[in-house]
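One structure is given here, and the rest of the page talks about it.
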Amino acid sequence: MVGTGGVAQRHLGVLAPLKEVAIVGHVSADPARAQQQVTTYGGRAYDAVATMLDAERPEAVWLCVTPDRHGPAERALIERRIPFFVEKPLAVDLAPAEDIARQIQSAGLVVGVGYKFRALDTLSRVRALLAETPARMAIGAWHGAMPSPPWWRRNASSGGQIVEQATHLVDLARLLLGDGVLISATGSRWPRADVADSDVADVSAALLRFGDVPAVFTASCILPASAAIHLQLICAGGVVTITEQHVLIQAGADNTMLPSTGDPFLAEDLNFMEAIRAGTAERLFSTYADALESHRLCCAIRDTMASPGSPAAVDR
């Protein structure tokens, strides 16, 4: 496990109880944090990926690092032909992810990406509904508080809210509707006493198109708590709202709630291990090449908001 943050803990929480898994190493630039994970989950602590790879022979590695730290770890694993699972986003910007994608393709390596919405057990029902009544519009919303880690509120380390958070919704739309194109994007940022050093957009909005389906994605990090994280699909005669916890189907006065009964982290981790055993990336919920297209869209949204002459993210 490379990383010691909340997402690393989520993966460790579902991996540790599995009888077929032995956790052999934890990597962090902070030795105390790595040792803390060792105390809880076993294995040994390391301060660098290369050091860990010199001492261990892992069959798979999970990369749960901040967006700005992608690159060296992936290259080290590709050189040693070790399959790995990497959490989104793939990087802060597009170029590093494109370079990693080329290396993965050249090596023919099994690499999974943590777009957890793809692992929801409710999606089979959603696909069946869309086969009968196709989506005519999509609306994605990610509205909540600014995460507490200092790295998140700096574009240089997180990539901003669209790249780091709302990318889940953009990816889900791609999965269900096909590849998308960006039409326009805008956003704004205001002085904030609570996070004076923040330079990410406080609010963002983007207009996209997935084939003939228009879509609007909005995000904000100015609220005291999470208010909305969902993708809505507007169909003829009904609305399908997808969250991590449930799918809500609204057709006139009829509402049907389908709860998610499985843990998407467990599902995607088991899926990744099955792909390693089969020796093929075709079984993955999300390959690196596929995830790159979602990352490409999100970087385009972020960069369009900030580009001169565009509907830019404006400091107020």
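Coordinate-derived values only; no laboratory data. Please read these numbers as outputs of a predicted model, since none were measured by experiment. Glycine gets a Cβ as well: all are built from the backbone with ideal geometry, and neighbour counts include every protein chain shown.
Show that you can apply the helix-only estimate: for the chain, add -39,500 (n - 2.57) for every DSSP H stretch of four or more residues, divide by all residues, and state [θ] at 222 nm to the nearest 500.
Computed ellipticity for the chain at 222 nm equals -10500 deg cm²/dmol.
Would you look at the GNM of the chain, springs on alpha carbons closer than 10 Å, and say which of Val92, Val61, Val24 moves the most?
The residue with the greatest mean-square fluctuation here is Val24.
Given H placed 1.01 Å from N in the peptide plane, which residues other than close sequence neighbours of Arg189 have an amide H under 5 Å from its amide H?
The list, which skips near neighbours in sequence, is Asp202, Val314, Asp315, Arg316.
Report the convex hull volume per residue for region 1-105, counting only C-alpha atoms, in Å³.
About 93 Å³ per residue, rounded to a whole number.
Using 0.36 nm times the number of residues separating Ala128 and Glu98, minus their current alpha carbon distance, what extension gain do you get?
Extra length from Ala128 to Glu98 when fully extended: 7.5 nm.
Tell me, how many Å apart are the Cα centres for region 218-257 and for region 187-217?
So the two Cα centres are separated by 19 Å.
For region 33-170, just the Cα set please: Rg and Dmax, both in angstrom.
17.9, 54
With springs only between Cα atoms under 10 Å apart, run a GNM on the chain and tell me which of Leu94, Leu129, Leu208 wobbles the most.
In the Gaussian network model the winner is Leu129.
Please work out how much length the chain gains when fully extended from Lys19 to Val216, using 0.36 nm per residue of separation minus the C-alpha to C-alpha distance, in nm with one decimal.
Between Lys19 and Val216, full extension yields 66.6 nm more.
So the label point goes 7 Å from the Cα of Leu258 along Cα→C-beta, right? Which residues of region 167-184 then have their backbone N under 15 Å from it?
176-177, by backbone N distance to the label point.
Before anything else, pin down the relative contact order of the chain: Cα pairs under 8 Å, at least 6 apart, normalised by residue count, whole percent.
With pairs under 8 Å counted, the relative contact order is 20 percent.
What is region 106-153 by shape, rounded, prolate or oblate, if you read a ≥ b ≥ c off the alpha carbon gyration tensor as root eigenvalues and call it rounded for a/c under 1.5, prolate for a/b larger than b/c, and oblate otherwise?
It is oblate, given that a/c is not under 1.5 and a/b is not larger than b/c.
From the C-alpha gyration tensor of the chain, pull out the three semi-axes of the equivalent ellipsoid (sqrt of 5λ each), sorted largest to smallest, in whole Å.
Working from the Cα gyration tensor, I get semi-axes of 32, 24, 19 Å.
Looking at region 3-36, which trypsin sites (Lys or Arg not before Pro) are in a loop (DSSP not H, G, I, E or B) and have at most 16 other Cβ atoms within 10 Å?
Lys19
Of all GluC sites (Glu not before Pro) in region 1-99, which ones are in loop regions per DSSP and have a Cβ with at most 11 other Cβ atoms within 10 Å?
In loop regions of region 1-99 (DSSP not H, G, I, E or B), the sparsely surrounded GluC sites (Glu not before Pro) are Glu20.
Positive end of the charge dipole of the chain (Lys, Arg +1 and Asp, Glu -1 on Cβ, about the Cα centre): tell me which of Leu129, Ala219, Pro83 has its Cα farthest that way.
My answer, from the dipole projection, is Leu129.
Say R0 is 22 Å: what FRET efficiency, to the nearest 0.05, do Ala236 and Asp179 get from their beta-carbon distance?
0.45
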